[in-house]
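The values are calculated or read from the model by the stated rules, or taken from the named source; none is laboratory data. Since the model is a prediction, treat every value here as computed from it, not as a measurement. Don't worry about glycine lacking a Cβ; one is built from the backbone with ideal geometry, like all the others, and counts go over all protein chains shown. Quick note on the areas: whole protein, heavy atoms, side chains included, nothing else; ligands and nucleic acids left out. Shrake-Rupley method; radii C 1.70, N 1.55, O 1.52, S 1.80 Å.
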Amino acid sequence: DYVRSAEDLKKATANHPPTEPRFWARIAWAHYTRGELKQAAEARGKIAWFGKGKAEDDPAVMLVDAGLLLASGLPDKALDVASKLQGVRAGLIRAYADLDLGKGKDALDEADKVLQKAPENLEAQIVREEAHMVSATDKERGAAADALEKLARKAKSKIGRHALGTAYLMVGNTKDAQPQLEARRA
């Protein structure tokens, strides 16, 4: 629930929010998943570790860092951070980073691993088909595009349309990419 989640985030961070780093990591992740990168970075900036030693490597904080690196156009650095993490979210970040780096087969492998853990995850299914489309031969690409189109219709957001448009762009088909990417703005 997009509207309610925005209200809940405001309530959670109003007045006297906890100073616990893991709380701020979760707030940052919530903003990141909503596409609110500025707010995600601001919440991440509130994370501080106190003590004499090195800051601990908290998986939630590292996940946010990987996501923000990916959003900043640094897929190689995002991949480096996400490779130290396990789980569905980290796997999706690795798959996105591989796609950004032009490594369709690696993205496909990563998406397959995510789907083994979470077979019903629609975002993982979409990323998998995007990677399949990018890494497919010309002969197989049509079937991959059809599968991605079907998933795009199933999604409540425009993530599927964006993935399809991006995949078309990555394979050099700007004619078919344009309507998909324009549908994202609608």
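For region 127-140, which positions are over 20 Å from the mean Cα position of the chain (by Cα) and within 11 Å of Gly104 (Cβ to Cβ)?
The answer is Ala136, and nothing else.
Only one of (1) within 26 Å of Thr174 (Cα to Cα); (2) touching a residue at least 24 places away in the same chain (Cβ under 8 Å); (3) touching a Leu at 6+ places or on another chain (Cβ under 6 Å) is not met by Leu108, so which one is it?
With respect to (1) within 26 Å of Thr174 (Cα to Cα); (2) touching a residue at least 24 places away in the same chain (Cβ under 8 Å); (3) touching a Leu at 6+ places or on another chain (Cβ under 6 Å), Leu108 is out only on (3).
In the set Gln178, Gln125, which member is at pLDDT below 95 and part of a helix (DSSP H, G or I)? Walk me through how you get there before you give the answer.
Details: Gln125 fails: at pLDDT below 95.
The match here is Gln178.
Inside region 142-157, can you point out the residues that are under 19 Å from Ala111 (Cα atoms) and surrounded by fewer than 19 Cβ atoms within 10 Å (Cβ to Cβ)?
Ala143, Asp146, Ala147, Glu149, Lys150, Lys154, Ala155, listed by residue number.
Looking at region 12-47, which of its residues are part of a helix (DSSP H, G or I) and of a type outside the set (A, V, I, L, M, F, W, C)?
Residues satisfying the conditions are Thr13, Pro21, Arg22, Arg26, His31, Tyr32, Thr33, Lys38, Gln39, Glu42, Arg44, Gly45.
Spot the failing condition for Ala111; the list is (1) open to solvent by less than 30 Å² (accessible area, probe 1.4 Å); (2) closer than 19 Å to Gly35 by Cα, and only one is missed.
(2)
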